[in-house]
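Quick note: the coordinates plus some simple rules give every number you see, no bench work behind them. Quick caveat, the model's predicted, so the values are computed rather than measured. No Cβ is skipped: glycine too gets one built from the backbone with ideal geometry, and neighbour counts run over all protein chains shown.
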Amino acid sequence: MKKLFLICFSLLIITACHKEGIGGKSTINGGVKHHEKPIPFSVVYIKYGATDFPGTDVTKYDDHTTCDANANYEFKNLRKGKYYLYGVGWDNSIASQVTGGIPITVYYNKSYNTDVPVTE
C-alpha cells in the first residue's frame, strides 16, 4: 500500500510541475483581425505563463508563427496554463502596421479559436 501511495504521489508531483509551453494536448488557433478585417501573413507571437502584455520586443516571446493568406494561425501541443498572444501585421487598406494582443487561459486537451485583435 505504501508503494502505491508513493507512486501516485510521485505522478501527481511530476504532472503538477509542468509549466506552460509545448508538450500538452491543447491547441490555440484563430485569425488576426483589424476591425474585423483579416490581416494575412501577420506574425503571431506567444508568451508562455503570461496574462499581461509582455511588450513589443518580440525577442521576449517564446514562439511565433506566420499566418496564412486567410490570416489564420495555429499553436499546437500546448500545456494547460496562461498565455499571451501578440500579433503584428500590415493593413494594406490604411498602409500601416497594426499590432495588438490578447491573453488566454488554456485547459488540458482543449481547442481554442481566438482571434487576435490588432489596431494602428
Leading residue by the ranking (surrounded by the fewest Cβ atoms within 10 Å (Cβ to Cβ)) among those in region 103-120 that are among the β-branched types (V, I, T) and over 14 Å from K47 (Cα atoms)
T119
Residue by residue through region 66-93, note down the ones that are without any contact (Cβ under 8 Å) to a residue 40 or more places away in the chain and hydrophobic (A, V, I, L, M, F, W, C).
C67, A69
Taking region 38-65 on its own, how many of its residues are surrounded by fewer than 16 Cβ atoms within 10 Å (Cβ to Cβ), more than 14 Å from the chain's Cα centre (by Cα) and in contact (Cβ under 8 Å) with a residue 40 or more places away in the chain?
2
Filter region 66-84 down to the residues that are assigned to a strand (DSSP E or B), within 14 Å of V44 (Cα to Cα) and not hydrophobic (A, V, I, L, M, F, W, C) and list them by number.
T66, N72, Y73, E74, K76, Y83, Y84
Any pair with Cβ under 8 angstrom, 6 or more apart, that starts in region 101-115 at a residue that is over 16 Å from A50 (Cβ atoms) and ends at one that is outside any strand (DSSP E or B)
Y107/K80; Y108/R79; Y108/K80
State whether one or more residues within region 82-102 are charged (D, E, K, R), surrounded by fewer than 16 Cβ atoms within 10 Å (Cβ to Cβ), within 15 Å of the chain's Cα centre (by Cα) and more than 16 Å from G30 (Cβ to Cβ).
yes
